[in-house]
Amino acid sequence: MGLDQFAYTRDAEGEQIEELKYWRKHNALHGWMEMLYRIKGGGASMFNGVEVELDFAAIEQLEKCVSEGNLPHTEGFFFGADSSGDDERSIYLREETLEFVAKAKKALARGEKVYYDSSW
(Lines give C-alpha, C1' and ligand atoms only; values in the text may rest on other atoms or scores of the structure.)
Protein backbone atom coordinates (compact mmCIF):
# COMPACT_ATOMS: atom_id res chain seq x y z
CA MET A 1 0.00 0.00 0.00
CA GLY A 2 1.05 3.56 -0.50
CA LEU A 3 0.10 6.86 -2.01
CA ASP A 4 -0.71 6.49 -5.72
CA GLN A 5 -1.52 9.68 -7.63
CA PHE A 6 -2.92 10.26 -11.09
CA ALA A 7 -3.51 13.22 -13.38
CA TYR A 8 -5.68 12.77 -16.44
CA THR A 9 -7.88 14.57 -18.92
CA ARG A 10 -11.57 14.36 -19.71
CA ASP A 11 -13.42 15.66 -22.73
CA ALA A 12 -16.51 17.91 -22.62
CA GLU A 13 -18.76 14.86 -22.15
CA GLY A 14 -16.74 13.70 -19.13
CA GLU A 15 -15.04 10.74 -20.80
CA GLN A 16 -11.45 10.13 -19.70
CA ILE A 17 -9.11 10.77 -22.62
CA GLU A 18 -5.55 10.39 -21.43
CA GLU A 19 -3.50 9.77 -18.33
CA LEU A 20 -1.08 12.69 -18.11
CA LYS A 21 0.97 11.55 -15.13
CA TYR A 22 1.30 8.93 -12.44
CA TRP A 23 3.23 9.61 -9.24
CA ARG A 24 3.99 7.29 -6.34
CA LYS A 25 4.36 8.78 -2.87
CA HIS A 26 4.81 12.41 -3.94
CA ASN A 27 3.36 13.54 -0.63
CA ALA A 28 4.21 17.23 -1.06
CA LEU A 29 2.16 17.34 -4.27
CA HIS A 30 -0.67 15.53 -2.51
CA GLY A 31 -0.62 18.13 0.26
CA TRP A 32 -0.79 20.92 -2.30
CA MET A 33 -3.71 19.24 -4.07
CA GLU A 34 -5.55 18.84 -0.79
CA MET A 35 -5.09 22.54 -0.03
CA LEU A 36 -6.50 23.36 -3.49
CA TYR A 37 -9.42 21.03 -2.89
CA ARG A 38 -10.21 22.71 0.45
CA ILE A 39 -9.88 26.22 -1.06
CA LYS A 40 -12.38 25.19 -3.76
CA GLY A 41 -14.82 24.22 -1.00
CA GLY A 42 -14.20 20.48 -0.94
CA GLY A 43 -15.69 18.95 2.16
CA ALA A 44 -14.64 15.29 2.23
CA SER A 45 -13.31 14.43 5.68
CA MET A 46 -10.50 12.36 4.17
CA PHE A 47 -8.65 13.45 1.03
CA ASN A 48 -8.44 9.99 -0.52
CA GLY A 49 -10.01 9.04 -3.83
CA VAL A 50 -11.23 12.60 -4.29
CA GLU A 51 -11.09 14.03 -7.81
CA VAL A 52 -9.92 17.64 -8.11
CA GLU A 53 -10.30 19.64 -11.32
CA LEU A 54 -7.26 21.73 -12.22
CA ASP A 55 -7.99 24.83 -14.26
CA PHE A 56 -5.34 27.01 -15.88
CA ALA A 57 -4.97 29.23 -12.81
CA ALA A 58 -4.39 26.19 -10.57
CA ILE A 59 -1.82 24.78 -12.99
CA GLU A 60 0.03 28.10 -13.02
CA GLN A 61 -0.03 28.23 -9.20
CA LEU A 62 1.30 24.68 -9.06
CA GLU A 63 4.07 25.54 -11.51
CA LYS A 64 5.12 28.50 -9.38
CA CYS A 65 5.11 26.49 -6.14
CA VAL A 66 7.11 23.66 -7.70
CA SER A 67 9.60 26.00 -9.38
CA GLU A 68 10.18 27.90 -6.15
CA GLY A 69 10.39 24.75 -4.03
CA ASN A 70 7.29 25.71 -2.05
CA LEU A 71 5.27 22.51 -2.02
CA PRO A 72 4.10 21.82 1.53
CA HIS A 73 5.66 19.23 3.80
CA THR A 74 2.96 16.57 4.03
CA GLU A 75 2.89 13.49 6.21
CA GLY A 76 0.75 10.37 6.21
CA PHE A 77 1.12 6.74 7.15
CA PHE A 78 1.13 5.53 3.52
CA PHE A 79 2.86 8.60 2.05
CA GLY A 80 6.53 7.58 2.25
CA ALA A 81 9.53 9.87 2.72
CA ASP A 82 9.04 13.64 2.51
CA SER A 83 9.09 14.83 -1.11
CA SER A 84 9.39 18.54 -0.36
CA GLY A 85 13.13 18.47 0.37
CA ASP A 86 16.28 18.85 -1.71
CA ASP A 87 17.30 15.21 -1.92
CA GLU A 88 17.65 13.45 -5.28
CA ARG A 89 14.20 11.83 -5.14
CA SER A 90 12.45 15.11 -4.31
CA ILE A 91 14.23 16.92 -7.14
CA TYR A 92 13.24 14.15 -9.55
CA LEU A 93 9.59 14.39 -8.46
CA ARG A 94 9.62 18.17 -8.92
CA GLU A 95 11.01 17.76 -12.46
CA GLU A 96 8.31 15.17 -13.20
CA THR A 97 5.67 17.54 -11.88
CA LEU A 98 6.90 20.37 -14.12
CA GLU A 99 6.64 17.99 -17.09
CA PHE A 100 3.06 17.32 -16.03
CA VAL A 101 2.40 21.08 -15.85
CA ALA A 102 3.49 21.46 -19.48
CA LYS A 103 1.22 18.58 -20.58
CA ALA A 104 -1.69 19.97 -18.57
CA LYS A 105 -1.37 23.41 -20.18
CA LYS A 106 -1.49 21.82 -23.64
CA ALA A 107 -4.54 19.75 -22.70
CA LEU A 108 -6.35 22.79 -21.32
CA ALA A 109 -5.53 24.72 -24.51
CA ARG A 110 -7.21 21.90 -26.48
CA GLY A 111 -10.35 22.38 -24.40
CA GLU A 112 -9.91 19.29 -22.25
CA LYS A 113 -10.41 19.26 -18.49
CA VAL A 114 -7.54 18.18 -16.23
CA TYR A 115 -8.02 16.26 -12.98
CA TYR A 116 -5.98 14.95 -10.08
CA ASP A 117 -6.97 11.92 -8.04
CA SER A 118 -5.21 9.72 -5.52
CA SER A 119 -5.54 6.52 -3.57
CA TRP A 120 -3.84 5.34 -0.42
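The values are calculated or read from the model by the stated rules, or taken from the named source; none is laboratory data. Everything numeric here is computed off the predicted structure, so don't read it as measured data. Cβ atoms come from the backbone with ideal geometry, glycine included; neighbour counts cover every protein chain shown. The protein model used for the area step is the full one, side chains on, heavy atoms only, and it has no ligands, DNA or RNA in it. Shrake-Rupley method; radii C 1.70, N 1.55, O 1.52, S 1.80 Å.
Summary table below
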quantity: Tally of residues being modelled with pLDDT under 80 and open to solvent by less than 50 Å² (accessible area, probe 1.4 Å) across the stretch 79-95; calculated: 6
quantity: Members of the stretch 98-120 that are of a type outside the set (Ser, Thr, Tyr), outside any helix (DSSP H, G or I) and closer than 12 Å to Tyr8 by Cα; calculated: Glu112, Lys113, Val114, Asp117
quantity: Test result for Trp32, in contact (Cβ under 8 Å) with a residue 24 or more places away in the chain, of a type outside the set (A, V, I, L, M), in a helix (DSSP H, G or I) and closer than 21 Å to Lys105 by Cβ; calculated: yes
quantity: Any pair with Cβ under 9 angstrom, 6 or more apart, that starts in the stretch 50-64 at a residue that is at pLDDT 95 or above and ends at one that is open to solvent by 70 Å² or more (accessible area, probe 1.4 Å); calculated: Val52/Lys40; Glu53/Lys40; Glu53/Lys113; Leu54/Lys113; Asp55/Lys113; Phe56/Ala109; Ala58/Lys40; Lys64/Asn70
quantity: Test: Gly42 is surrounded by 13 or more Cβ atoms within 10 Å (Cβ to Cβ) and at pLDDT below 85; calculated: no
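Per-residue answers, yes or no, for (1) among the β-branched types (Val, Ile, Thr); (2) under 19 Å from Gly69 (Cβ atoms); (3) exposed (fewer than 13 other Cβ atoms within 10 Å of the Cβ):
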| site | (1), (2), (3) |
| --- | --- |
| Leu3 | no, no, no |
| Tyr8 | no, no, no |
| Glu13 | no, no, yes |
| Leu20 | no, no, no |
| Trp32 | no, yes, no |
| Met35 | no, yes, no |
| Glu53 | no, no, no |
